[in-house]
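Structure first, commentary second.
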2 protein chains.
Amino acid sequence: MKMEAAKKSRKPLLAPRWPILASNRRRPGEVAHGRAYEILKEAVLAGHFRPGEVVTLRSLAKELSVSEMPVREALRRLTAEGAFEALPNRSARIPILTRLQVEQLLSLRQQLEGQAAALAARNITLVQIEHLRALQNGIEQCISRSDARTHTSLNMAFHFEIYRIADNPVLTSVIQMLWLKMAPLVGSIVELLASKPGTFKRVALEHHERMLRAFQSRDAAAAEAAMHEDLLATTKITGYWESLQLRAR
Amino acid sequence: MKMEAAKKSRKPLLAPRWPILASNRRRPGEVAHGRAYEILKEAVLAGHFRPGEVVTLRSLAKELSVSEMPVREALRRLTAEGAFEALPNRSARIPILTRLQVEQLLSLRQQLEGQAAALAARNITLVQIEHLRALQNGIEQCISRSDARTHTSLNMAFHFEIYRIADNPVLTSVIQMLWLKMAPLVGSIVELLASKPGTFKRVALEHHERMLRAFQSRDAAAAEAAMHEDLLATTKITGYWESLQLRAR
DNA sequence: GCAGGTTGTTTGTGATCACATGCAAAACGT
DNA sequence: ACGTTTTGCATGTGATCACAAACAACCTGC
């Protein structure tokens, strides 16, 4: 009942966490907890949360303009998928990944996303290649104007378009879970890409180009190899970021 | 306000779904939705639900002697992990797997559990081999007395002990999700094993023996191959079960 | 000064209720 | 009789509230 002005000690976010809260009204046939899930998942995958950041039901409910019940269910679901982790305190936070965990995650991703790329190479059609090419052009433009955030977003779209083409729902759902588990790193990667323009970006472009060529020639093995290389680049980036972290201490 | 006696039209379950509802009282530091999750997961993995069976919050809450709130959260979590699926009606049911889905699941399981076996072969200690040997002896006894249910349970314990030894939490969590997604088949497999004694059991034993020998000689490749064979046997069983299904029409 | 207890606040949890939706059986009109 | 409408029930959803656990700040007593 005392201090009222000093209570607003919210951390300054890297970016508006929920862009427009698109079309604030609930469309028919939609449920609030489903909306909360989508919005939170989007925010997590975009790296809008910092590793170790704890979220509370009441604050999220207030920010999303719903009661805490839908938030509770969305958070439970995202925790099951690895986007958050349950603390012994019973609250939820963004996981702080260890070096070992990141290595295990990337190793699995190489294996599974490589296979998805191989499957996609067998199924892909010309219009789908065109679509991927358009996304890749968008990524190049992001590099030109140093838009690390959109770059990351389009890169994700590029990858998931491939997994959609692979047409293996089981495989895709596992891959999606691995992306959610890696999400705590996204924010740092975006910052790194923004601060070191051109260092890592060209190699990522190169791997996507190799993948597109493999798709055009329906070469499953080459597509798999290109995907492996692309994720190896991610491994290098996270390794470099870790050395930055160490240097910062 | 009318019929009271005729309301109890509950289906006769294959077996008591929640064994003893072990120690009905809640231990300190435990939460109700966590307990509901564990109990439901156990029941699903044991095959106590039929494919396509829909569950309602109120009935589950009544059976578990809690309010529907913890059940809601447990169900949301299990749905995220693939043990249940969300219907457009917004209710939850046990998934009805298609042939294609089963093939994709088993293919992934071969890949991932094979890798887990290879990892375990590098880490395993003598006492852990002894532990696996004890589980295997238990499985043999189950075959002698035609106890298909315990056999299935011990088989799961055997496999998950290997994944624990592999010491790769990320890999293990993905594998656990795949087991949950395959759970709808477990009931049918148990019935099949019980009705056809000795047909498939010996081959499963054989693969476990091969795996144990590979562990003793720390042969990662051999362990991986044995795991592949073991899951290939599962593939054959489900294929045989499907032909039974078709014949029954 | 400092260990240990106390109090107040924050936050997750579980129960209950009002409401909307979906579904199915009954009622109705043709 | 048959297709359509209505009614009633079953069920998921979301909001609100009381409570307990966890945490932090404060206070007390040595």
- Within the stretch B:79-99, track down each residue that is more than 8 Å from chain A (Cβ to nearest Cβ) and either within 18 Å of B:G187 (Cα to Cα) or not in a loop (DSSP other than H, G, I, E, B) (or both). B:A83, B:F84, B:E85, B:A86, B:A92, B:R93, B:I94, B:P95, B:I96, B:L97, B:T98, B:R99
- Message: So if I check each of B:V55, B:V102, B:V66, which one is surrounded by 16 or more Cβ atoms within 10 Å (Cβ to Cβ), among the β-branched types (V, I, T) and within 14 Å of chain A (Cβ to nearest Cβ)?
- Response: B:V102
- What pairs can you find where one residue is in the stretch B:204-215 and over 7 Å from B:A226 (Cα atoms), the other is not in a helix (DSSP H, G or I), and their Cβ atoms are less than 6 Å apart, with a gap of 6+ or different chains? B:F215/B:I124
- Note on the structure: Here the residues within the stretch B:83-93 that are under 17 Å from the mean Cα position of the chain (by Cα) and surrounded by fewer than 21 Cβ atoms within 10 Å (Cβ to Cβ) are B:E85, B:R93
- Message: For the stretch B:103-154, give me each residue that is hydroxyl-bearing (S, T, Y) and over 23 Å from B:L180 (Cα atoms).
- Response: B:T125, B:S144, B:S146
- Over the stretch A:151-174, the set of residues in a helix (DSSP H, G or I), touching a residue at least 12 places away in the same chain (Cβ under 8 Å) and more than 11 Å from the chain's Cα centre (by Cα) is A:H151, A:F158, A:E161, A:I162, A:Y163, A:I165, A:A166, A:L171, A:T172, A:V174
- Query: Somewhere in the stretch A:218-240, is a residue over 26 Å from A:T98 (Cβ atoms) and of a type in the set (F, W, Y)?
  - Reply: no
- Query: Looking at the stretch B:37-68, which of its residues are assigned to a helix (DSSP H, G or I) and within 14 Å of DNA strand D (Cβ to nearest atom)?
  - Reply: B:L40, B:L57, B:R58, B:S59, B:L60, B:A61, B:K62, B:E63, B:L64, B:E68
- Condition met for B:I165 (among the β-branched types (V, I, T), within 16 Å of DNA strand D (Cβ to nearest atom) and more than 12 Å from chain A (Cβ to nearest Cβ)): no
- Message: Condition first: within 11 Å of another protein chain (Cβ to nearest Cβ) and not polar (S, T, N, Q). Now tell me which residues in the stretch A:168-181 satisfy that.
- Response: A:P169, A:V170, A:L171, A:V174, A:I175, A:M177, A:L178, A:L180, A:K181
- Task: Return yes or no: is A:V71 within 14 Å of chain B (Cβ to nearest Cβ), within 12 Å of DNA strand D (Cβ to nearest atom) and over 16 Å from the mean Cα position of the chain (by Cα)?
- Result: yes
- Keeping to the stretch A:53-92, report how many residues are more than 10 Å from DNA strand C (Cβ to nearest atom), in contact with a strand residue (DSSP E or B) (Cβ under 9 Å, 6 or more places away or on another chain) and without any contact (Cβ under 8 Å) to a residue 60 or more places away in the chain. 3
- Message: Kindly evaluate B:S144 against the criterion of being on the phi > 0 side of the Ramachandran plot, more than 13 Å from every other protein chain (Cβ to nearest Cβ) and either away from DNA strand D (no atom under 16 Å from the Cβ) or in contact with a His (Cβ under 6 Å, 6 or more places away or on another chain) (or both).
- Response: no
- Task: Identify, from the list B:R122, B:R109, B:R50, B:R27, the residue that is modelled with pLDDT under 95 and more than 16 Å from DNA strand C (Cβ to nearest atom).
- Result: B:R50
- Answer yes if at least one residue in the stretch B:182-198 is within 24 Å of B:A74 (Cβ to Cβ) and within 13 Å of another protein chain (Cβ to nearest Cβ), and no otherwise. yes
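The values are calculated or read from the model by the stated rules, or taken from the named source; none is laboratory data. None of these values were measured; they are calculated from a predicted model. Glycine gets a Cβ as well: all are built from the backbone with ideal geometry, and neighbour counts include every protein chain shown.
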